[in-house]
Structures are given as structure tokens and as C-alpha cells.
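Quick notes on the structure that follows.
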Protein chains: 2
Amino acid sequence: MSEHIRIVLVNTTHPGNIGGVARAMKNMGLSDLCLVSPKLFPHPDADARASGATDVLESAQVVASIDEALADCELVFGTSARERHIPWPLVDPRELAAIAAPLKGKAKVAIMFGREDRGLTNEELQRCHHHVHIPAVESFSSLNIAAAVQVISYELRMAELADQAGEKPQWGTQWDIELAEQRELELMFEHLERTLVKIDFLDPDNPRQLMPRLRRLLQRAVPDKVEVNVLRGILKAVERKMESAEKNGNDHV
Amino acid sequence: MSEHIRIVLVNTTHPGNIGGVARAMKNMGLSDLCLVSPKLFPHPDADARASGATDVLESAQVVASIDEALADCELVFGTSARERHIPWPLVDPRELAAIAAPLKGKAKVAIMFGREDRGLTNEELQRCHHHVHIPAVESFSSLNIAAAVQVISYELRMAELADQAGEKPQWGTQWDIELAEQRELELMFEHLERTLVKIDFLDPDNPRQLMPRLRRLLQRAVPDKVEVNVLRGILKAVERKMESAEKNGNDHV
């Protein structure tokens, strides 16, 4: 069982698909399902397609935002069909499993699936450390959402079965600090954005791709808790310095 | 495209599942579908779930017996959920793909899927060279038939792609910018260190593990040239802000 894996479905339209996802998850030993503003849930179509995985449906969390869905997760994958504006670290399902399976007992991993017709938005995709792409043929690349969950859950199960031979630690070594949770990362990014505006580096009226680029850089490293605290400490030091300089300026007026 | 692979569905009950199978096949580059005495076909539910893979449905052969379905095939796999009476050569989907993918252009390979409720009969399974088992959890081992076809087609596609694989790009995607050279990184770290001293965050007499931690974080992400320029731009903006604040202070002295 991979209880450290959370499947997050964003704005799913068809309840039958939610049932299909629940069945695919249970087949492969997953149980943590989180639904962000599903169109219709609970629904008899979900129960029918779940075909015995009603326990997964019953214990599913329904939340209003991806912030709630991801808050306590340390690592986030988002499914992406298309080439994006800014390239983002991209893995296939097998590589996802190679990264995520060894984090059992160490970190919570979210895998986000988007709307049936439009997938995830760019903003949602920028919340992810990695994007995952199922290598379908280019001319017909959109999988049914339950089929996509099935493939990824299957790879996680294969990795878990292979892994039972020997566990491989994060970054190939015993790490000294726990990974940061999403809520800590988000607070850090908000703090960073405020500070960049204060030092006149980020123009709120013309932000361009600055924050996505910084997100992509730092998320690629998957920061631990101490690293996030150090970054926030630096931001606070910048603010303190500016305030004291302003204060001195005012003293002399 | 794996035109040497035939998917054979035996006595499928729900036409929606046939549609789901067609979609899964087309996603992964398969097109040869053979239906042995389906209960309802053609059917609007099949078209709906096929979601654009109607060409696979339209070209599907409908036959009355597995003899007809398998006649021109050299190698036959049958999906099997349970332990059988007589042990039979058993592969997982990845092993199936390792056997079947290289036979492209050399042999026709059939993969048979049984009824939704009872799978394949013993007699049908004995027609197979190998059995294939998707390693679901034992307590909930029955996959939806379209999901099972998805997993096996995915493995065939992965094997085909691995076969064509040349070099894999950095972070799995076409990156937009070249990676930073070490000298650029070192200049950035020197700049960072100077700035941290200026904002009184780093005490040169007691530096502790601050710079190593920041190095480890940023190096883990392997920054590209634009990312390094952005970081240096931020450092310059901090310096400029401090200088102008100091200047204002001095003007008033």
C-alpha cells in the first residue's frame, strides 16, 4: 500500500470518471483521493464505475481549492498533455514512480489530474515540482482520466513491488531535514513576491514570467524545511534593512 | 504504431467498455481490435466512451469464435487474474511488452481479454502461449477491461519508444535556455555572499553552514543561464535599494 500518495482530481465533470479513478486506485493499492470542486459528487454513476471501490469514494475528501488539496504535501506532480510556455521538469509515469515510491514514510506526494476537456491551467501546473506526461501518440494524446490514473498507479505499484528488494533514500543519501510542505513553500513564494515588489525588481503591473521562473527553479530542488526557513530569513533581513534605512532617512527630515 | 498487435475482447458485456478499449488502444498507437461475440455492438455507449477513437471501432472485426480471432496470429497472450489449475508461463505487462514489441514486422501477436465478470475460461487460457497478469493488490485484483487494455498498451508503447530512444533531454523536455556554466554560478554565489553580509544576515566571523546550505539548494536545481541572471538581478536590486536609502539618509545629515 502506498498511503503516502494522494490522487487529486481538479474540477472533474463526469462522476463516472471519479468512480473509475477510485477503482483504478484501489486495484493498485492507493486510497487517498481528494476532489477539488467536482461537478457532481457523490453520484450513482461514480458508485457504479467504482465497482467495489466505494470505500475509496466514501473516504474521499472534497475541497474547494488546490491549496487545501496540496497543503500538507511535500511533492506535487501535475499531469500535462501539451508543451507549455516555459518548459518545466517533465517525467513519464515510470520516472514519477522512481521518484515517488521511495518517499513512502518520508513525504506526502500529490498527483494532480485536470479537467476532462482542458486539463490543468498554467497556474495550477506552476504549483507542481514536476509535470508528468503519459507518452501517448501525438495525434490522439488525451487519455480518459481513469485510464491515466490507472497507468500512473500501475507504475507506482510496479515500483513498490520492485522496491521491496531494497529501499533507496531521497537524493541517494540519508537527508538531514524533512522536506517542506506545500503550505510552507507557498508562504515563502508569497513572501518572495512581496519583497521583489518592495525592492522594485518585480512590477506588479507587468510581472512577466518572473515568479514562474523562480518557482520552477526552487521547486526543482524540492526544498527541505530548513532551506525554506533560510530563504524566509533572507527576505526578512532585506525588509528589516530597508525599514531601518527608511527610518534613518525619516529621522533626518 | 504497433500494427502487429491485435487486441481480442471475448464476450464483452458492456459496449461502453468496448469504446473505452478503443480509446486506450488509439492513445497508445494500436488499431487492430477484434470482438468475439460481443453482447451489444455497435452501440452508442461504445461511441461515447471511444471519444474520438471511432475509427478503431469502425474497423473492428466482429467474429463468432476465438478460432477466427486468433487464426493468423503467431503468438497469443491471455489475461489472467487468478492462479490457475495448471501453472502456465506467466508474465507481467512489462515482460509481455519486452517479448511482443520486438516482433514488429515479424509476427502477429494477439492479446486476449475475457468477460467483465468471469475473465477467460480455462479452455481459452490454454490456447495461449503465455498468460499475462497485471499485478494488482490481491484483495481487489479485478481491473476494468479498458483499464487493463490501457496498462498493457502503455507498456507496449513504452517498449516501442525505448527502442527508438536516442538521447533524453534535460529534465525530460526541450529546455528553453542553456545551463549556467560553473564560473557564472560561482560569481552568483560570491555576489549572494556579499549581499547577505550587507543585509546583516551572514556574519563573516561566524558564517556557520549558511552558504553550504544555499549552494546545496540551488545546485540541486542545476540553474540555467537566465535563472542565474534573475538571481543576480535580485541581488543588484537589493544593493541598489540599500544604496539609495543610504544616500537619502546621508543627504539629510
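The values are calculated or read from the model by the stated rules, or taken from the named source; none is laboratory data. If you're wondering where the values come from, they're calculated on a predicted model, not measured in any experiment. Counting neighbours? That spans all protein chains shown, and the Cβs are built from the backbone with ideal geometry, glycine included.
Can you confirm whether residue A:91 is touching a strand residue (DSSP E or B) at 6+ places or on another chain (Cβ under 8 Å), crowded, with 23+ Cβ neighbours inside 10 Å and in contact (Cβ under 8 Å) with a residue 24 or more places away in the chain?
No; evaluated as a whole, the condition is false for this residue.
Any residue that is touching a Pro at 6+ places or on another chain (Cβ under 9 Å) and among the β-branched types (Val, Ile, Thr) - is there at least one of those in region B:63-78?
no
The rows are residues; the columns are (1) closer than 20 Å to residue A:147 by Cβ; (2) touching a Gly at 6+ places or on another chain (Cβ under 7 Å).
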| site | (1), (2) |
| --- | --- |
| B:48 | yes, yes |
| B:53 | yes, no |
| B:61 | no, no |
| B:79 | yes, yes |
| B:88 | no, no |
| B:94 | yes, no |
| B:104 | no, no |
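Condition first: among the hydrophobic types (A, V, I, L, M, F, W, C) and in contact with a strand residue (DSSP E or B) (Cβ under 7 Å, 6 or more places away or on another chain). Now tell me which residues in region A:64-88 satisfy that.
A:66, A:69, A:70, A:73, A:75, A:76, A:77, A:81, A:88
Name every residue in region B:216-227 that is more than 8 Å from chain A (Cβ to nearest Cβ) and surrounded by 15 or more Cβ atoms within 10 Å (Cβ to Cβ), in order of residue number.
B:224
Pick from region B:168-184 the residues that are more than 7 Å from every other protein chain (Cβ to nearest Cβ) and charged (D, E, K, R): which of them is surrounded by the fewest Cβ atoms within 10 Å (Cβ to Cβ)?
So the first thing to find is which residues in region B:168-184 are more than 7 Å from every other protein chain (Cβ to nearest Cβ), and the list is B:168-170, B:177-184.
Subset that is charged (D, E, K, R): B:168, B:178, B:181, B:183-184.
Working: B:168: 10, B:178: 10, B:181: 11, B:183: 8, B:184: 16.
Ranking the qualifying residues of region B:168-184, first place goes to B:183.
Counting just the residues of region A:228-253 that are at pLDDT 95 or above and within 7 Å of chain B (Cβ to nearest Cβ), which one comes out surrounded by the most Cβ atoms within 10 Å (Cβ to Cβ)?
Of everything passing the filter in region A:228-253, A:238 is surrounded by the most Cβ atoms within 10 Å (Cβ to Cβ).
Taking region A:195-209 as the region of interest, how many residues are within 13 Å of another protein chain (Cβ to nearest Cβ) and modelled with pLDDT of 95 or more?
Counting residues in region A:195-209 that are within 13 Å of another protein chain (Cβ to nearest Cβ) and modelled with pLDDT of 95 or more gives 9.
Whether any residue in region A:32-40 is under 23 Å from residue B:143 (Cα atoms), aliphatic (A, V, I, L, M) and away from chain B (no Cβ under 12 Å) is what I want to check. Walk me through it before giving the result.
Step one: list which residues in region A:32-40 are under 23 Å from residue B:143 (Cα atoms), which gives A:32-35.
Add one more test, that the residue is aliphatic (A, V, I, L, M), and what stays is A:33, A:35.
In the following step, the residues that additionally are away from chain B (no Cβ under 12 Å) were identified as A:33, A:35.
Yes: one or more hits.
From the set of residues in region B:106-140 that are of a type in the set (Gly, Ala, Ser) and outside any helix (DSSP H, G or I), which is nearest to residue A:144 (Cα to Cα)?
Result: B:136.
Which numbered condition trips up residue A:160, out of (1) over 18 Å from the mean Cα position of the chain (by Cα); (2) crowded, with 23+ Cβ neighbours inside 10 Å?
(2)
Any residue that is within 30 Å of residue A:177 (Cα to Cα) and of a type outside the set (Phe, Trp, Tyr) - is there at least one of those in region A:39-54?
There is no residue in region A:39-54 that is within 30 Å of residue A:177 (Cα to Cα) and of a type outside the set (Phe, Trp, Tyr).
Please return the ranges of helices (runs of 4 or more DSSP H) entirely within region B:1-77 where 2 or more residues are surrounded by 23 or more Cβ atoms within 10 Å (Cβ to Cβ), without any contact (Cβ under 8 Å) to a residue 60 or more places away in the chain and on the phi < 0 side of the Ramachandran plot.
Correct list: B:15-27, B:44-50, B:54-58.
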